[in-house]
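Data first, discussion second: the structure below is written as structure tokens.
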């Protein structure tokens, strides 16, 4: 049976699961595929967080080793989450998959626009403010995933109004 | 694209959820097709037509054609 909520009403409205779309970027947790995606993603994110906390508890020392461990852990966690999301996509029916794909497309375009504007604004920031954390920006790039996920959820919610 | 899915479904006394189960899609997908907000893929259109023992042309009509 398909993942998205079922209703006994004969002529019911679409009623997409708003809370789940905004919270998880999915259409609910009633199906095995969606539960699996959410549970496994949370476990992966939790493992990544645990490694980060462990490194923080060790004061990130020895620094070269800890930095490599953190980079490897971050990359592994995000790769695994992306892989699980791909598996989840293939479990959806055609409309739900289309909406997810549209949301991903709009998220990409949103990210592109934001990156373009940051690129434009970056040279000006040199003149306006002194920001001592510039090297950290490169390290933070993987975490853009967590910034983009709410944007995808927002687009998903917007698209659900259309169908 | 227009369709008579709601009529066909009512004739067989099926809810959107029942039809969704038979088609292996979500109830929202059935709702979106019925209301004309989503045009199904060709395989799904064939599946719908076969379920009601009709041809695709019987179930779906291009906009602007009676």
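The values are calculated or read from the model by the stated rules, or taken from the named source; none is laboratory data. Small disclaimer: the values here were computed from a predicted structure and weren't measured. Here the Cβ is made from the backbone with ideal geometry for all residues, glycine too, and neighbour counts use every protein chain on show.
Restricting attention to region A:34-51, the residues being over 13 Å from the mean Cα position of the chain (by Cα) and surrounded by 12 or more Cβ atoms within 10 Å (Cβ to Cβ) number 10.
Screening the candidates B:12, B:6, B:37, B:54 for the property of being free of Cβ contacts under 8 Å to residues at least 60 places away in the same chain and surrounded by 15 or more Cβ atoms within 10 Å (Cβ to Cβ) yields one hit, B:6.
Restricting the first member to region A:85-102 and to residues that are within 14 Å of residue A:32 (Cα to Cα), and the second to residues that are part of a helix (DSSP H, G or I) and modelled with pLDDT under 90, the beta-carbon pairs closer than 7 Å and six or more apart or on different chains are A:88/A:33; A:88/A:34; A:91/A:33.
Taken over region B:15-34, the residue count meeting the criterion of being at the interface with chain A (Cβ under 9 Å from one of its Cβ atoms), touching a residue at least 24 places away in the same chain (Cβ under 8 Å) and surrounded by fewer than 21 Cβ atoms within 10 Å (Cβ to Cβ) is 2.
For residue B:1, the conditions (1) within 12 Å of chain A (Cβ to nearest Cβ); (2) touching a strand residue (DSSP E or B) at 6+ places or on another chain (Cβ under 6 Å) are fulfilled apart from (1).
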